[in-house]
Structures are given as C-alpha cells and as structure tokens.
Amino acid sequence: MARPPGRAPRSTARLAWLIGPALVAGVAYLDPGNVASNMTAGARYGYLLVWVVVLGNVMAWLIQYLSAKLGIVTGRSLPETLGDRIRNPWARRAYWLQAELVAMATDIAEVIGGAVALNLLFGIPLLWGGVITGTVSLVLLMLQTRRGPRTFEFVVIGLVAIIAIGFTFGVFIAPPDAAGIVGGLVPRFEDTGSVLLAASILGATIMPHAIYAHSALARDRFAPIGAGRAEAFASGTETAADRNARANGELEQKRGISTARLLRATRWDVSIAMLIAGTVNLCILLLAAANLAGVDGTDTLEGAYAALRDGVGPLVATLFAVGLLASGLASTSVGAYAGAEIMQGLLRVRIPLIARRLVTLLPALAILAAGIDPTLALVLSQVALSFGIPFALIPLVVLTAQRRTLGRFRNRGLTTAAGVAASVFLIGLNALLLWLVLSGA
C-alpha cells in the first residue's frame, strides 16, 4: 500500500537513513587546529579551561542546527541563499573572496596536521606528507562526486571513529583527576595567556566553513530531485525555476517525509555529532592536563607526541598520531567540499575538482616547503579564521529568523536570541584573540 506524502515510515532503518550530515560537518570540530589548541591548553593550564570546551560545544550545537535547518527547509545552502540575496555583483564577489580565503586558511591547518602526523608515524618529510594528505582528500572528494553523499558520509564517519579512538584511548590509560575536571567547569581565567588559549579553542571550534558546509550537506542528502534534474544540480547548470522548485512546498511532497520530521531527526544528528566532537576535544585537553602539565616542549604537536611517548607509552603516542592523521584527512576533505560550495553558491561557477584542489593545496605546501614551524602555521591559520566568523554567523542567524526564508519553520524568539548572544560572544572573543595576537600579548 502506498504511503501518503509527508508520512515517514517508523522503521529504525529509516531513522538511521536520516543521520549523517552533521557527523560529516562535525569533522570541522576535530581538525588539527582543535588538537593543537586543546593540547596546548591542557599542557599549560591543566584543567583550567575545561569550561571553554564545554561552552564551545553548546554554542556549536545551536549554530550547526541552524545551518542544517536552512539547507533542509529551503533546499539551498547558505552560500546559494546569499548568492541570491546579495544583488550587487561586486559585493557578492567581495563576500566570496573572504569566504574563499577562510576556506583556504582552514585547508592550511588540515593539510599541515596530516603532514605532521605522517612525519611522526613514518618519518615522511613534511612537504611530501602534505602532498599525500592533499591527494587522499582529492580521492575522498571524488567519492562524494561520483558515488553520492551517502558513500562520502560513510568514509568520513569511519575516519571520525579512528579520530575518536586515537584521541580518547590515552585518557583510559592515564586517567585525569576527577576533582580537577569538576574545578575546570567553573568559568575563570588565570592570565592573558589563558584568555588567548580560550579564544583559540573557541576559534578552532566554531569555524565558518563548517557553517557553509553543513547547509550544503543537508541539502544534498535530502534533495528530492529526479535523475534528469540531478545531473543539472550536480553540474551547476540548474535553472532558477529548478532552484525555486527545490525551495518551495514541493520539497516535502517529493521527499515523502515531513520537513518537521527531518528537523527532529537533524536535532538528533547534530546532538550525536557534537557529543562525539565535544568528548574527543575534552579528552585531548584532559590527556594533556593529566600527563603533560609543566612538561617542556609540549607547545608543538611534535613535542606533545614525544612527551606522550616518553611519559605514557608508545602505544598512546602512536594512537595520538593516527588520530591526528585521520583528523587531517577527514577535515581537509570537508573543507575542500565547503570551498567548492562557496564558489558554486556565490558565483555560480564550478571549476574542475582537480584544478580547484591544487589551488587550495598550494599555500599549505608552500608553508611546508619554506620550513615554517607547523604548529605556528596552525595557530596563525586559526587567527585567520577569526575574520570570517561574523560573515557566516550573522547571515545565518538573520536568515533563519525570517519568515520569508523559512516560513513556519523560522526561529522562535528564544532561538534567535540565543543565536544573537552566541554570535556576539564569539565575534567579541575572536576580536580579542586578534588584538592579543597582533599586540604581541
């Protein structure tokens, strides 16, 4: 018997089918920039900044849910929506340029993280490690293009599992102090350095490209388009009429599942993804707080690896490096996906995948070839991301609060207030981070 439109089956398999986009977007919260920030915070200040990791994860939940909701309800990503709303071509190009630079800064951190991991594990020179990381990410992107979003999700989720094992195993071997964890939940700072690290942790957590990517991932997963329109959608040649058809009431009917049910499932999806990301980030900080506090040389990834190897054991250190490698591979793939979506959505331009990947890979390879300290490059890339946060956060909160954009699914007043508060806090903290860095503090 046929199922009436809008009524979803109750099977567990159907529910599982709805999960995935947030887990892929959540990789942005497990990238090498997060690893460096949390490891340094634990090594320098012990349990002091536990509350920052928890707070960042709560704000990340709200922001990622709003991004996914925009993609589900409208059938368009945040860059696509802004591409339509920003009518002035020069303003649209300027917006694209800052978003593109942010995506490239993200790629620098992720490629360098993968290169450092390959060097720690196999002694591969950093430059060649960067080439390998970029090549593997290209293969993963080709999977997404040729096999569809579900296959891409399976691969990335597999890498997330490796990341989780690699970064949490050490906490069970050398457990942290429970009283220290509880004390770390009390918001406070110790000095200027702790403020800087708190801003770095949040800056590495709430990343602009994750906001752009999540709306596109949700759109792609639940796009109710037939074979003929699918080709146009993938190639970027779809007409305005097709885009409108995806964005109006036809979405719910053609999906065969209500938008409200999709949003409920998305809340679970985001909750699972943020629980995993938050737990892993917290474990990185706790591992460093319990085993690396006061140890010299732990302000670099290489130093942290050596300290773990000498202090906890080679198994924990090796798993840490494996987790770092998986983090670099997964996050650079999602970052490149976000970059492609930014260009397509804002400029309606799609260039060959290999050409685009080479362009975004070159800055990271140049840094590695120049012999610049990898950890320093990671930190500076996180600072660069601070510039892009307002341009992604403010439009997201505004668009999801508008009736003309989301109709009856627009944000409630409390949700909008929470989004505004999170935006003000994050923008202010990132401005503080920039000031501290530029002033030499």
>> Just to be sure I understand, if you calculate Rg and Dmax of the Cα atoms in Å for this structure, which of [x] 21.1, 69; [y] 22.6, 81; [z] 20.2, 57 do you get?
In response: [x]
> Considering amide H positions built from the backbone, and no H for Pro or chain starts, which residues 5 or more places from N411, or on another chain, come under 5 Å of its amide H?
Replying inline: A401, Q402
> Once whole DSSP H runs in the chain are found, which of them have Cα atoms spread over 27 Å or more along the helix axis and a mean Kyte-Doolittle score of at least 0.0?
Replying inline: 50-74, 89-122, 126-147, 149-173, 259-291, 314-347, 374-400, 413-438
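Normalised by the residues of the chain, what does the relative contact order come to in percent, with Cα pairs under 8 Å and at least six apart? Mind showing how you got there, number by number?
Details: 702 pairs, mean separation 171.6, N = 441.
Reported as a whole number, the value is 39 percent.
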> Carbon-plus-sulfur fraction of the accessible area of the chain, 1.4 Å probe, in percent?
Replying inline: 67 percent
> Measuring with a 1.4 Å probe in the full set of protein chains, what accessible area per residue, in whole Å², belongs to the chain?
Replying inline: 40 Å²
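The values are calculated or read from the model by the stated rules, or taken from the named source; none is laboratory data. On a predicted model such as this, the values are computed, not experimentally measured, just so you know. Heavy atoms of the whole protein, side chains included, go into the accessibility calculation; ligands, DNA and RNA do not. Shrake-Rupley method; radii C 1.70, N 1.55, O 1.52, S 1.80 Å.
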